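Reading through the structure tokens given below for one structure.
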Amino acid sequence: MSSEWGGLMAEFLSKLLQQFNNFWTKTTPLQKIKIGIIVIAALASIILLVIFTSQPEYVPLFTNLNLNDAGEIIAKLEELKIPYKISNEGTSVLVPIKDVYKTRMQLANEGLPRGGIVGFSEILEKTKLGTTDWERQIQYNHALQGELTRTIKEISAVQDARVHIVIPKKSLFADPQKKDIATAAIFLKLKPTMRLSQEQVKGIIHLVSNSVEGLTPENVTVIDVNGRILSSEITDSQLADSQLVKNQLDLQMTFQQNLENSVQTLLEQVFGPGNVVVRATAQMNFDKKVVEKNLFEPVVNEEGIIRSIQELEEYFKGSGGQPGGVPGVDSNITYQEIQEETSEYEKRDVIKNYEINEIRENLVVSPGSVEKLSIAVVINKELSDEDKQKISQLVSSTIGANPERDSITIEGMSFDVSLQEEINKQMELQKEQRQLLLKRALIIGAGFLALLMILYNRWAAARRRKEQEALLAPSEIASEAAIDLGEEKNQSLKDIERLVKKKPENVAQLLRTWLTED
């Protein structure tokens, strides 16, 4: 198979070369000059294209560098033999895009860029014997400030930062009435068009306060390049309220998106992808309620717990009333006698107090309950009332809607796809342009390849001729020379005979002259 392909290729190239030779011999010198100019322009274009496409794309390795860091990074890049460029007046270093991540890791291993910041690693490297306690404390503060600065600069909105910490000196003879407290001040330079949120400022304050012994958030001050005190705008209540609102909005958005995805996934199985649009709005109650209920139930059929019992019994039996007078009157009043008669008296009272049945309920209503749902569905199709009713029931079952509370709207209409069609046309046009450019490049490349093959064949033919001439034997060269001399001799004799016939007197005079000279 390869030999057949090679034969066909050789035959094609031979025909192409023959056609080119025929064309070349028929062209005028002016046409040849024009063709040469075109070929040279095509070659120059191809060379420029190759150079342009092969040139690596440079991307920033580090930006906003100080001069010390820039110098160290450039020296390290030259040591690693990595090409680089410098921009922004020496504050930015660019490297080829294929080397950016590897180079960053290598430089990070070397502790670059340092940012002009001294941390614990640099302090430990420079620690000397004989350092006093005061010097060690100064070095510790300097290193702690550097480490905090590096951490704060990792925040996306921060371009540069400085941290100043004041730690009170510990002493055995400190005045107990005087309380020395640690304080900190943070200076921030933000990136253009960037701002720090209250949560970010709060995070910076807590980062510094939790990194320094004895430092409280109230004693941390944050300012920006304009001198504005950012920390004064932060209060715990404001931060808590804003975070609570954010969490509630996130919960509501997540709930609505879940509803939309559920309905859209279901309907797209019927009407096809891109033919259904679903929007959900949930009205949610984030109030937390604690409901306490005390229920009292009466005692039924004298069943219950008896709290107390009170019994009163009276009994009298006799034949008549007992004599007596009116109390409070003089004693010399004559009593009236009552006739004797038989009598009997009895009284009995029972009072029972029962415990009342009391039921206490404490009901805690968690925030986030749904008060109302509104679902709107638009389908890229004309729908009848019956279809709308079926789809509405389907959506209601999917989201578990409450008919008395929630509303579902179904509409069918044609979508406006003009923008999408325009985008598709632009993409198709770009694709055609790329294909046309590729075809032109292939044609130019094929012509350039054919020209190279023609030049190579001519060079090879000339070389073969030289090799054949070099391989000719000396005898063959001598015989060819003898043949040439013989032919020249015969031609000379014929010329002499012709001259004698035409001018015999002149020939005779010439012979006499030669004889006289001899």
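The values are calculated or read from the model by the stated rules, or taken from the named source; none is laboratory data. Bear in mind the structure is a predicted one, so any value in this text is a computation, not a measurement. Note: ideal-geometry Cβ built from the backbone for every residue, glycine included; neighbour counts use all protein chains shown.
Specify which of the listed residues (F415, F448) is touching a Leu at 6+ places or on another chain (Cβ under 7 Å), modelled with pLDDT of 70 or more and of a type outside the set (A, V, I, L, M). First the steps, then the outcome.
Numbers: F415 fails: touching a Leu at 6+ places or on another chain (Cβ under 7 Å).
Of the residues listed, the single one that is touching a Leu at 6+ places or on another chain (Cβ under 7 Å), modelled with pLDDT of 70 or more and of a type outside the set (A, V, I, L, M) is F448.
When I186, I205 are checked against the criterion of being at pLDDT 80 or above, in contact with a strand residue (DSSP E or B) (Cβ under 7 Å, 6 or more places away or on another chain) and not in a helix (DSSP H, G or I), I186 stands alone in meeting it. There is at least one residue in the stretch 162-172 that is closer than 30 Å to T63 by Cα, at pLDDT 85 or above and either not hydrophobic (A, V, I, L, M, F, W, C) or not in a strand (DSSP E or B) (or both). In this structure, I454 does not qualify as surrounded by 10 or more Cβ atoms within 10 Å (Cβ to Cβ), in contact with a helix residue (DSSP H, G or I) (Cβ under 9 Å, 6 or more places away or on another chain), at negative phi and not in a helix (DSSP H, G or I). Scoring I152 on the criteria (1) modelled with pLDDT under 75; (2) over 16 Å from P60 (Cβ atoms); (3) of a type outside the set (S, T, Y) leaves a single failure, condition (1). Residues that are closer than 18 Å to L266 by Cα and basic (K, R) were ranked within the stretch 360-404; the one that is modelled with the lowest pLDDT is K381. When the stretch 44-81 is filtered for residues that are touching a helix residue (DSSP H, G or I) at 6+ places or on another chain (Cβ under 9 Å), β-branched (V, I, T) and part of a helix (DSSP H, G or I), the ones remaining, listed by number, are I46, I73.
Residues that are surrounded by 14 or more Cβ atoms within 10 Å (Cβ to Cβ) and of a type in the set (G, A, S) were ranked within the stretch 375-419; the one that is farthest from T254 (Cα to Cα) is G412. The residue of the stretch 82-129 that is modelled with the lowest pLDDT, among those that are of a type in the set (V, I, T) and either assigned to a helix (DSSP H, G or I) or touching a Gly at 6+ places or on another chain (Cβ under 8 Å) (or both), is V118.
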